Every structure is written in C-alpha cells, then in structure tokens.
Amino acid sequence: MVVDGAGAPARCGWQGGRHVPGDLLWFSWFSWQPKRLYVASAAPVAADGAAAAGVRLGAVSAYGGAMADRAEDARELAEWERSNGNLIEVARELAQRLVAPLGRRWSHVQAVAVRAEELRAAVHVRTDPAEWNDAAETLLVASAWLHDVGYASALVKSGLHAADGANYLRGQGVPARVVNLVAHHSGARYEAAERGMPDILADYPFEDDLLSDALATADLTTGPDGERFSYDERIDEVFVRYPADHPVHQFWRKARPVVGEAISRTEARLLAQPR
Ligand SMILES: [Fe+2]
C-alpha cells in the first residue's frame, strides 16, 4: 500500500496482491481523502512488514477504518493553539460551563479527565517524534473534558449525546480530531444504530486508534459519580441503571465485547511503556 497522498485530492480504488512467501492474497478498497485514508481490507495476518501493512491499514468498522495522520494532528493542534490558546484549558472551561449545571455528570466528567491524564502514555508511539506524542496527549485530555457536553440541556437535539456534542463543538471551531473523538466515544455508533439513527454520525470519521481506545478507557472505567470502576463494573452498572428495554441497555449488549477490546488494548499499551 502506498501512502503518499498528503494534500492530494480525494481518490479511491481497489488494489491487491499476492503475499510471498506466505502465498496469501490480500486486497483492499481505499479512499484517499486530503488528510485521511479510509480502507476496507481483507488481508492475511503475518509477521513480516508487507502483510502487516495490509493488516494495519485494514481496520474495518461500521464507518470504515481510518488511519489518522499523527503529524497532521500535531500541525493542526499547534496552529489551533496559536489562535485560541491552550486546548486543554479551553476544553475544561467549555465543559465546566456546559456540564457543571448537570451536577453528578460534572463529577463524572472531571474524573474522566483525571483518568485521561493517567492514560497519557497509552497514546504514545515510541518511534514517533515527541511533538506527535505531546499532541496526542493533549487531544486525549481535551476530548475527555468535552466528551459529554452533548448532555447539556441547551445542546440536546437528537437525543444521541455524542452527536449533539460533536455538532456543537464543530460549530465552535474545536479541532476536528477532538470533534470526531467526541462523536464516536465509547461505542456511540452502536447507540446510534439502536436508536434508529444509523447515519447521524456520518459526518464524523471513526478514527479507530490509540486515542479512541484511550478515551473509551477513561470514560468506561469511571462511574456516573466519578467513581473508579473496572470496565465490567461500569457496564454492569449501566445494565442496572437502564431497564432491559431501554436503547442504552440494548446497545451495550452488542457493544460490550467490542468496546472491551479497546480497554484491553489501552491497558496493554500502558504496560508496554517504559517506566
Ligand atoms: Fe462519559
């Protein structure tokens, strides 16, 4: 797979090949947008670089896999902060204004932000430049502050808080990476489908990566009053809080194992970091 299209106009197509010595076929549909590469791929899992590239680019989700460009994220963040100030501070102030009136939801959000601070190392890539890792940390913590703003009464439109929050944040000029993370946080695509709104997140690419994994971990290991929970305790608590016929209860039945993998990946990344 050639990934050389930075700044190029959108294009898409098919490509494939035969992997030797594994002698396995792989093929992909790809769509190259000006900053994002979307790939739906079928590829063998193999230890060597050629096939592994096919697998790495082949993350498939309901919204298509996405490979975020960490260099571009860092550039965009630096540019945004030059005009608007420190993103985490702006996010914290915005979240406080919108969510503090909701009481216990504000306790939850503050604790999620603390948890995100603890998870900073989980968005590091050892071989990446420091400024890319610093940007990823900032995007994670800012997203944690903002992930539940869609519950603010003034913002409720569709009733899907992830979409309502993302729509508002996009209008406020918040960096697109943060908006996309908020739109898809913690399995929102499953809730959208369960509520009969499968297209409501279509404007926001699901960037299925370190950042979305870490944000889900921060949110889903924090209880509704800010308690520290394990993932299983958190989802069990959701099942108790929402009756069996409620869409939230229903979507978590489907999302639990998939989102649980994001939490496991984050925990593994933390363990792999040098101490
Ligand atoms: Fe939350």
Quick calc: nm separation of the 7 Å Cα→Cβ label points for ASP128 and ASN84 -> 1.9
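Based on the alpha-carbon gyration tensor of segment 166-275 and its eigenvalue square roots a ≥ b ≥ c, which shape applies: rounded if a/c is under 1.5, prolate if not and a/b is larger than b/c, or oblate? Could the numbers behind the result be given before it?
On the way: a/c = 1.74, a/b = 1.03, b/c = 1.69.
Since a/c reaches 1.5 but b/c is at least a/b, the shape of segment 166-275 is classed as oblate.
Provide the gained length on full extension for the span ASP236 to VAL248, in nm with one decimal, where the gain is 0.36 nm per separating residue minus the Cα-Cα distance.
3.1 nm
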At 7 Å along Cα-to-Cβ for each site, give me the label-to-label distance between LEU155 and GLN273 in nm.
2.6
Once GLN96 and ARG228 are pulled to full extension, the length gained, defined as 0.36 nm per residue separation minus their Cα-Cα distance, is 45.5 nm
How big, on average over all directions, is the shadow cast by the Cα convex hull of segment 129-176, in nm²?
3.4
Ratio of Rg to Rh for segment 149-206, alpha carbon only, Kirkwood?
0.93
Centre separation in Å (Cα based) which lies between segment 227-275 and segment 175-190:
16
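Tell me, Kirkwood radius of segment 70-272 from alpha-carbon pair distances, in Å?
Values: mean 1/r = 0.0594 Å⁻¹.
For segment 70-272, inverting the mean 1/r across all distinct Cα pairs yields 16.8 Å.
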Quick query: amide H of THR222 versus all other amide H atoms, modeled in the peptide plane; which residues come in under 5 Å with a sequence gap of 5 or more or a different chain?
PHE229
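Tell me the relative contact order for segment 70-272 as a rounded percent, counting alpha carbon contacts under 8 Å between residues six or more apart.
Numbers: 273 pairs, mean separation 45.8, N = 203.
This gives 23 percent for segment 70-272.
Rule-based calculations on the coordinates, nothing more; no lab input. Predicted model only: the values in this text are computed from it and were never measured. Cβ: placed from backbone, ideal geometry, glycine included. Neighbour counts: every protein chain shown.
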